[in-house]
Each structure stands twice: as C-alpha cells, then as structure tokens.
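Q: Sharing a structure below in structure tokens format, with a few things to ask.
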Amino acid sequence: SKTDLDMIKQWGISIERVAGKKTRERIMDGSDNLRQSTAKPDIAAWCKGAVEKMDKLVDEQHRIKIMEQCGHNCSLVNSRVIENALKRRKKFHNLVEFLKAEFKKPLPGTKLEYEGNVIYQYYTPGSYSTPMRCYCSLFRKLPREQQVSITYCHCSRAFVAKYWEAVLGKPVKVEVLESAISGSRVCKFAVYI
C-alpha cells in the first residue's frame, strides 16, 4: 500500500510472520494512535522508535527477513519503476549497451557506478529542491540530526535486488553500504552481478 498507515500495518504483518504476535505487539505499540493526518516528522519519530525496539527484540537474521518482506511488498506497489526499466532494457541488444545508457542517464535521484562485476547504486534523497532524508515516505521527514539503524534499509536493499533481478534476468546479491537515514549523505548499494 502507498499510504503511511498501510505501510506501517504491512510492516507489522511482516514482523508477526517472522517474529510472532507478541513481538509484533511490542514493536508496533502506539501505531494505533497514528492517523493519516499525523505530521510526517511524528510518523518518522514513531517509526524510528519501532526500529529501535525491533533491533532490541529480534535477532539480526530475522530483522533482515522482516525488512526484506517489506521491500518485496514495496517492489509490488511500485512495480512501474521495474516495468519501465524492463522497457528501457528491451531497447538494447545486450546488457552492456543498456548499462552504458543507464550509467550515462540514471533515474532522477540516483547515481550508478560500475567496477568489475559490481554495480554501485546510489540514492540521493537530499539532492532534490526539497531535500528528503529517505525515499520511503515513513522517514522522508526525519529531522537531519536524527539517525535510524541501518536495519530499516534492508527494505530498500530488497527493492534494489528485485529491480536488478528483473533487469538482468537472474538472481543478484545486494549489500547496503551506506544509508542516508543512518548518517551518510547518500544511500549506497553494491549489486553483485
């Protein structure tokens, strides 16, 4: 879903699937007080607290699995981004030509670099005329001085993986190297092709 409340609800469903109902209740405590009219900085503050609770209550492997599920859901909701990439890919005879074109003119708010068998994909949410902390609407208005655990960014990692798997037609491994909500100026992912 594209609304903040529905995204939070889906996050809770992922937590319950992976970590159980009691853990979901503890992490999602207070989410029923959020409304669609809740100010974006307040939503970001609640989400920051939920990530902190998740980091305390759930081991790393399961936290990553929770956020991967969120990223897979995001790739379905935002499937047009992937569909458009596939349309662009079909215009080229081979992958090398496609990648050269993508690197020359990446999507707005992104940057691409290539080294050996690794594509480095950057998100630059602060580069817009109205800077954001994150492309995810839940953290878009996180105050500059605050930071969130990189745990949350495994959602974006899963989205990046779905994107490149669709474009390349094969599984890829993706690592989160930097995160704008965790203190960096950009988000940086290594995509191993």
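This table checks each residue for (1) at pLDDT below 95; (2) more than 19 Å from Phe159 (Cβ to Cβ); (3) in a helix (DSSP H, G or I); (4) in contact with a helix residue (DSSP H, G or I) (Cβ under 8 Å, 6 or more places away or on another chain).
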residue: Ile15; (1), (2), (3), (4): no, no, yes, yes
residue: Glu25; (1), (2), (3), (4): no, yes, yes, no
residue: Asp42; (1), (2), (3), (4): no, yes, yes, no
residue: Gly71; (1), (2), (3), (4): no, no, yes, yes
residue: Glu83; (1), (2), (3), (4): no, no, yes, no
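Q: A further question follows. From Thr110, Thr124, Thr151, which residue is among the hydroxyl-bearing types (Ser, Thr, Tyr), in contact (Cβ under 8 Å) with a residue 12 or more places away in the chain and within 21 Å of His62 (Cβ to Cβ)?
A: So the residue among Thr110, Thr124, Thr151 that is among the hydroxyl-bearing types (Ser, Thr, Tyr), in contact (Cβ under 8 Å) with a residue 12 or more places away in the chain and within 21 Å of His62 (Cβ to Cβ) is Thr151.
Q: Out of everything in the range 129-171 that is touching a strand residue (DSSP E or B) at 6+ places or on another chain (Cβ under 9 Å) and in a loop (DSSP other than H, G, I, E, B), what residue ends up being surrounded by the most Cβ atoms within 10 Å (Cβ to Cβ)?
A: If we take residues in the range 129-171 being touching a strand residue (DSSP E or B) at 6+ places or on another chain (Cβ under 9 Å) and in a loop (DSSP other than H, G, I, E, B), then Cys134 is surrounded by the most Cβ atoms within 10 Å (Cβ to Cβ).
Q: What pairs can you find where one residue is in the range 90-103 and more than 13 Å from Val167 (Cα to Cα), the other is at pLDDT 90 or above, and their Cβ atoms are less than 6 Å apart, with a gap of 6+ or different chains?
A: Listed by first residue and then by second, the contacts come to Phe103/Leu112.
Q: Look through Glu113, Glu68 and report the one residue that is of a type in the set (Asp, Glu) and either crowded, with 17+ Cβ neighbours inside 10 Å or farther than 28 Å from Ser127 by Cβ (or both).
A: Only one candidate passes the filter, namely Glu68.
Q: In the list Glu97, Glu102, which residue meets the criterion of being at negative phi, of a type in the set (Asp, Glu), surrounded by 14 or more Cβ atoms within 10 Å (Cβ to Cβ) and out of contact with any Ser or Thr (no Cβ under 8 Å at 6 or more places or on another chain)?
A: Testing whether each residue is at negative phi, of a type in the set (Asp, Glu), surrounded by 14 or more Cβ atoms within 10 Å (Cβ to Cβ) and out of contact with any Ser or Thr (no Cβ under 8 Å at 6 or more places or on another chain) leaves just Glu102.
Q: Please state which of the following conditions Tyr192 fails to meet, knowing it meets all the rest: (1) surrounded by 15 or more Cβ atoms within 10 Å (Cβ to Cβ); (2) touching a strand residue (DSSP E or B) at 6+ places or on another chain (Cβ under 6 Å).
A: Every listed condition holds for Tyr192 apart from (1).
Q: Keeping to the range 147-172, report how many residues are under 17 Å from Cys74 (Cβ atoms) and in contact with a Leu (Cβ under 8 Å, 6 or more places away or on another chain).
A: Result for the range 147-172: 3.
Q: Tell me which residues, restricted to the range 1-48, are touching a residue at least 40 places away in the same chain (Cβ under 8 Å), closer than 22 Å to Arg133 by Cβ, open to solvent by 60 Å² or more (accessible area, probe 1.4 Å) and not polar (S, T, N, Q).
A: Scanning the range 1-48 gives Lys2, Lys40, Pro41.
The values are calculated or read from the model by the stated rules, or taken from the named source; none is laboratory data. Computed from a predicted structure; not experimentally measured. Using ideal geometry, Cβ is built from the backbone for each residue, glycine included, and neighbour counts are taken over all protein chains shown. Side chains are part of the model used for accessible areas, which takes the heavy atoms of the whole protein and leaves out ligands, DNA and RNA. Shrake-Rupley method; radii C 1.70, N 1.55, O 1.52, S 1.80 Å.
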